[in-house]
Every structure is written in C-alpha cells, then in structure tokens.
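Here the structure is laid out as structure tokens; the discussion comes afterwards.
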Amino acid sequence: MKSLNTQTSRLVFIGAGNMASSIVGGLVSHGYPANLITATDLNAELLTKLAETTGINTTSDNELAAAQADAIILAVKPQVMEAVTRPLKGTISNNKPLIISIAAGITVDNLLDWMGEDLPVIRTMPNTPALVQTGATGLFANPAVSAEQKAIADTIFAAIGLASWFDKESDLDAVVAISGSGPAYFFMLMEAMEEAGVKLGLSAESARELTLQTALGAAKLAQASDVPPAELRRRVTSPGGTTEQAIKCFEDGGLRELVDTALQAASQRSKELAG
Ligand SMILES: NC(=O)c1ccc[n+]([C@@H]2O[C@H](COP(=O)([O-])OP(=O)(O)OC[C@H]3O[C@@H](n4cnc5c(N)ncnc54)[C@H](OP(=O)(O)O)[C@@H]3O)[C@@H](O)[C@H]2O)c1
C-alpha cells in the first residue's frame, strides 16, 4: 500500500459540487498544495470555475483521476454512488487508495462491495456549515485504515471545521441526528424568533439581524466558555426577570422532550436509509 502523508498525498475528489468545492477551498486556503488535488465532475463549467479559483487539476475522467490517487473523496449524491464507484474497482485494485465517502446513508460495506473487499474506507458525515468552513464532521474508519490515512482525513475535514472520530459506524446515526441535521433545527428556531420579533413590532430586517447575531454570539460564547451551556443559561436567567419568563414557557411546553423525540426520529431515519 502507498504511504500517505499529510500535505504530500494526491487527493482526488469525485464530484465537484457544493461540498467538494468547500473542502477543496478550505484545503487550499490552509496551504494544501493545489497541484496535489484533482477534482472530477460531469459539469465542465463547475470544473473550470473550481480550477480558476483554487488552482487545482480537473478532469471529467473518473478512472484516470482515480488511478493517480492516494486518497479518493467520494462527493457525489448517494443515489449515484454505486454507478460512480463500481467502474473504479479495477483501476484501484493494485494501489488500494484510501476511500473517503461524505455521502449520507452509504455504508462502509456498500463501498467495499462496490469497490473491493480489502480497501481502507472512511465514512464521514459532514454538515452544511462546511460551506462557510465552520462544519462539524463525524468520521468512522474501517480496520484497514492506517494511522497515516486517518491523519490525512483529519487534515481534509479540519480544513472545513471540526473533525470528530467515532469507534462504531452506528454512532454516525447519532452524528446525523445532532450535527448532520442540526443546522436545520437552529434555522427553525431562528425563523420562529424572527416571526415573534415581527409580532412584537420590530421590522423584519431588525428581527432577523438581531436573531442571527444572537445565535452567532451564543455559539461563540458557549465555545469560548469553560462552563456548560446550562450554566451560561442560568447566568442570563435572573430570578423574576424576562429570560426566566421565556425559559419557563419553553420548559412548560416540553421543549426538552420534543428535542429528544426529534433527534430519536432523525437517528432512526438514518438507520433506515443505511438499510
Ligand atoms: N451539502 C451538504 O451539506 C452535505 C452534508 C452532508 C453530506 N453531504 C453529502 O455530500 C455529497 C455531495 O453533496 P453536494 O451537496 O456537494 O452535492 P452536489 O452539489 O450535487 O455535488 C455532486 C456533484 O457530483 C457530480 N456528479 C454526478 N455524477 C458524477 C459522476 N459520474 N462523476 C463525477 N461527478 C459526478 C454532480 O454533477 P451533476 O449535478 O451534473 O449531476 C454534482 O456536481 C452527497 O452525497 C451528500 O449526501 C452533503
């Protein structure tokens, strides 16, 4: 098997859409050599744009690109994953590059079945804030993945935010429920706060501006703080004050139970999608 070192490995992205473009952008802006990165796609316009903005190599020939790879990042939609990966099986059978998938619901066993039984495979679950380099990615590696190969995956996903490893593939169902789908939960709370702000008499613009800045500030404060969010919440909840009234409404309305039920449902759906 080829040696795989951070910053010297040849990375091939199959599919150069939103996610792959964000990861490539993050890698190059963190100093990863652009000449070691190749992206493929069906859309020539997309490839030209990505090559212009990042300086990476591009091709529409998946097999040609895969033949040169130390690591292949599969960044196509889950529905086309089998059709995209099966033709690569012969090309990669000697080199056995690291295979990294970012597709929801595609298991390690699916990829081994389609691409070759003894391959090193890392299954990941990124999320949409990766598009602004503030993603959270859960990763699981099969036993064939070496420490060096885990290091390259760390480099790739650290370029778009947090990279967090899990020992069991089934843990990725919980990752889906928290960070994969999580941005939508916060967007929904933002929507609701904006609507409530307008009902309280603010302009839509002010309600949105204040909501977004508050969400950003709360997340930054929680990350910078050495106490848990529960303590931060207590600190802004003075007895008899305004926050206490709102928190009481959330508690009485069963927010915690609702969040628990919602995340169970998301995790269950993730299990079903993985078959
Ligand atoms: N977006 C997210 O936030 C997010 C989060 C977590 C996981 N993911 C996963 O990331 C993967 C990519 O998502 P995305 O949002 O980046 O999708 P996307 O923007 O649609 O990118 C996929 C790209 O792959 C191209 N493609 C299709 N068939 C191909 C082939 N045979 N060879 C080469 N390229 C091909 C598509 O071209 P055409 O458009 O011409 O078909 C498209 O440009 C998905 O599996 C998704 O589950 C995404």
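In table form, for the structure just shown:
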| read-out | value |
| --- | --- |
| Extreme residue, farthest from the ligand (Cβ to nearest atom), among residues of segment 141-157 that are open to solvent by less than 70 Å² (accessible area, probe 1.4 Å) and either over 15 Å from Tyr32 (Cα atoms) or among the charged types (D, E, K, R) (or both) | Ser146 |
| Residue count for segment 117-140, restricted to those that are near the ligand (Cβ under 10 Å from one of its atoms), aliphatic (A, V, I, L, M), open to solvent by 10 Å² or more (accessible area, probe 1.4 Å) and in contact with a Gly (Cβ under 8 Å, 6 or more places away or on another chain) | 1 |
| Residue that is within 10 Å of the ligand (Cβ to nearest atom), among the small types (Gly, Ala, Ser) and over 18 Å from the mean Cα position of the chain (by Cα), where the choices are Ser60, Ser9 | Ser60 |
| Helices (runs of 4 or more DSSP H) completely within segment 165-274 that count 1 or more residues being touching a residue at least 60 places away in the same chain (Cβ under 8 Å), open to solvent by 50 Å² or more (accessible area, probe 1.4 Å) and of a type in the set (D, E, K, R) | 255-273 |
| Any hit, segment 101-118, residues being at pLDDT 95 or above and over 26 Å from Leu172 (Cα atoms) | no |
| Residues of segment 226-259 that turn out to be more than 32 Å from the chain's Cα centre (by Cα) and of a type in the set (A, V, I, L, M), as a count | 1 |
| Residue selected from segment 32-45 under the condition without any contact (Cβ under 8 Å) to a residue 24 or more places away in the chain and away from the ligand (no atom under 12 Å from the Cβ), by the criterion nearest to Met125 (Cα to Cα) | Ala34 |
| Leading residue by the ranking (most open to solvent (accessible area, probe 1.4 Å)) among those in segment 12-31 that are near the ligand (Cβ under 7 Å from one of its atoms) and not in a helix (DSSP H, G or I) | Gly17 |
| Residue among Leu255, Leu216, Leu263 that alone is out of contact with any helix residue (DSSP H, G or I) (no Cβ under 8 Å at 6 or more places or on another chain), of a type outside the set (Ser, Thr, Tyr) and closer than 29 Å to Ala103 by Cα | Leu216 |
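The values are calculated or read from the model by the stated rules, or taken from the named source; none is laboratory data. No experiment lies behind these values; they were computed from the predicted model shown. In this analysis, Cβ positions are derived from the backbone assuming ideal geometry, glycine residues included, and neighbour counts consider all displayed protein chains. Keep in mind that these areas ignore ligands, DNA and RNA; they rest on the heavy atoms of the full protein, side chains included. Shrake-Rupley method; radii C 1.70, N 1.55, O 1.52, S 1.80 Å.
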